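The structure appears right after this line, and notes come after that.
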Amino acid sequence: RAKAVGKSGFVVFDEGMHQEALSRLQLETDFRLAFERAEFRLHYQPIVELASGRLVGAEALVRWWHPRRGLLTPADFLPLAEETGLIVDLDAWVLREACRQLGDWRARVPDFAALSMNVNVDERQMVSPGIVEEVFTLLQSHRIPPDRLRLEVTETAFRAGRGQAEQRLLSLKALGVGLVVDDFGTGYSSLESFAASPFDALKMDQVFIRDIETNPRHRAIVRTITSFADELGLALTAEGIETPAQRERLRAIGCQYGQGYLFSPALPADEFEQLLSGTARIVG
Ligand code: C2E
Ligand code: MG
Ligand code: MG
Ligand code: MG
């Protein structure tokens, strides 16, 4: 807000900022109420094996059905959730709902036995007390084999010096839960920190995929990440695949899994379920 700080150093509130502060406060109030009003929903984006097109799992992505503003995506409310710390409550809800849904699917639809569920976990939730017990309890009560649940964390969650997150990750790993580095390639973690890390999988950020056809540097990075994952025995998923050309390129490079609008956007639970029951097909 530097532009609003006057010469005196006092913050000058103009009408626009007043409005902005009010609507932010309103959003925060609405956000707290959204839990009891049950306005959050999970959508599920298919993850496919690139060579075969086979569906291997889903990533749970949160949406907010706001009473006045309609469907909001994470970009509209995650920054606020992070600033206020409400992200911990949101992620706890997301984890519970994703496990409930997976348990329900597994109980009703035989084809779900082979699928896994990826859930995004904010760094703050990762260090929150009780996360390990919570995951353990959810797996038990919904009869989910631990390796069917994959927790996605960004590189910041395990940078050197984050001893607490590291401990939690090791405990979750001991439970048998899958651990995925999300948006790989965009953070600043050292390669050395991966040598001892408990991760099973990487997700290449979509920034490298978007222009893989036209940007030789990004193509080189994708190749490097692919052999890095290969050498370390990590599963690799490419995010944001939108065209057949991108898919072909990734397949040729040797990236095993993919996710993106070419296959499907994130879908409401009932539509995702139809993908499996054969009433809808993944094309791409
Ligand atoms: P992410 O985990 O990297 O998720 C991938 C994002 O890329 C999703 O956006 C997805 O809808 C979008 N996407 C998928 N395929 C394509 C494609 O082909 N092209 C393009 N341009 N985009 C694609 P979404 O759902 O808006 O989520 C944005 C971010 O918000 C996520 O990025 C994740 O970091 C965060 N997020 C979403 N749900 C949760 C949650 O429950 N908890 C936490 N902590 N973060 C979440
Ligand atoms: Mg993710
Ligand atoms: Mg990602
Ligand atoms: Mg991303």
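The values are calculated or read from the model by the stated rules, or taken from the named source; none is laboratory data. Quick caveat, the model's predicted, so the values are computed rather than measured. No Cβ is skipped: glycine too gets one built from the backbone with ideal geometry, and neighbour counts run over all protein chains shown. Just the protein is used for accessible areas: all its heavy atoms, side chains included, with ligands, DNA and RNA removed. Shrake-Rupley method; radii C 1.70, N 1.55, O 1.52, S 1.80 Å.
Suppose all protein chains stay in the model; what accessible area per residue would a 1.4 Å probe give for the chain, in Å²?
51 Å²
Stretched out fully, how many nm does the piece from Glu271 to Ser190 gain, at 0.36 nm a residue minus the Cα gap?
Going from the current span to full extension adds 25.2 nm.
Given charges of +1 on the Cβ of Lys and Arg and -1 on the Cβ of Asp and Glu, with all other atoms neutral, how large is the dipole of the chain about its Cα centre, in debye to the nearest 20?
Dipole magnitude for the chain comes out near 240 debye.
Tally the DSSP beta bridges in the chain and give the antiparallel ones as a percent, rounded to 5.
If I count the DSSP bridges inside the chain, around 45 percent turn out antiparallel.
Once you wrap a convex hull around the alpha carbon atoms of the stretch 146-217, what is its projected area averaged over all directions, in nm²?
Convex hull of Cα atoms, orientation-averaged projection: 5.4 nm².
Rounded to a whole number, what is D in µm²/s for the stretch 28-138 from Stokes-Einstein with the Kirkwood radius over alpha-carbon pairs (37 °C, 0.692 mPa s)? Working shown, then result.
Values: Rh = 15.2 Å.
Diffusion coefficient, whole number: 215 µm²/s.
So in the stretch 1-142, what percent of DSSP beta bridges are antiparallel if you round to the nearest 5?
Looking only at bridges with both residues in the stretch 1-142, the antiparallel portion is about 75 percent.
Based only on Cα atoms, what mean projected area does the convex hull of the chain have, in nm²?
Numbers: hull surface 71.6 nm².
Hull-based average projected area comes out at 17.9 nm².
Tell me whether the stretch 98-200 comes out rounded, prolate or oblate; compute the Cα gyration tensor, take square roots of the eigenvalues as a ≥ b ≥ c, and use a/c under 1.5 as the rounded threshold.
It comes out prolate by the Cα gyration axes.
Between Leu22 and Asp230, what is the FRET efficiency for a Förster distance of 51 Å, r being their Cβ-Cβ separation, to the nearest 0.05? List each step's numbers first, then the result.
Numbers: r = 52 Å, r/R0 = 1.02.
About 0.45, to the nearest 0.05.
So for the stretch 171-284, Kirkwood radius off the Cα pairs, Stokes-Einstein at 10 °C and 1.306 mPa s: how many µm² s⁻¹?
The Stokes-Einstein estimate is 104 µm²/s.
How much of the DSSP beta bridge set in the stretch 145-284 is antiparallel, as a percent to the nearest 5?
0 percent
Placing unit charges on C-beta atoms (Lys and Arg positive, Asp and Glu negative, everything else neutral), compute the dipole magnitude of the stretch 221-263 about its Cα centre in debye, rounded to 20. Show your work: numbers first, answer last.
Values: 4 positive and 5 negative charges, 24 e Å.
Here the stretch 221-263 has a charge dipole of around 120 debye.
Applying 1/(1 + (r/R0)^6) with R0 = 45 Å to the Cβ-Cβ distance of Gln167 and Ala38, what FRET efficiency is obtained, to the nearest 0.05?
With a Förster radius of 45 Å, E is 0.85.
Counting other C-beta atoms within 10 Å, and keeping those with at most 16, which DSSP coil trypsin sites (Lys or Arg not before Pro) do you find in the stretch 102-157? Don't jump to the answer; show the numbers that get you there.
Numbers: sites: Arg106, Arg108, Arg124, Arg143, Arg148, Arg150; in loops: Arg143.
The qualifying sites are Arg143.
Which of rounded, prolate or oblate describes the stretch 12-79 when judged by the alpha-carbon gyration tensor and an a/c cut-off of 1.5?
Prolate, since a/c reaches 1.5 and a/b exceeds b/c.
Using a 1.4 Å probe on the protein chains only, how many percent of the accessible area of the stretch 140-219 belongs to carbon and sulfur?
In the stretch 140-219, the share of accessible area belonging to carbon and sulfur is 49 percent.
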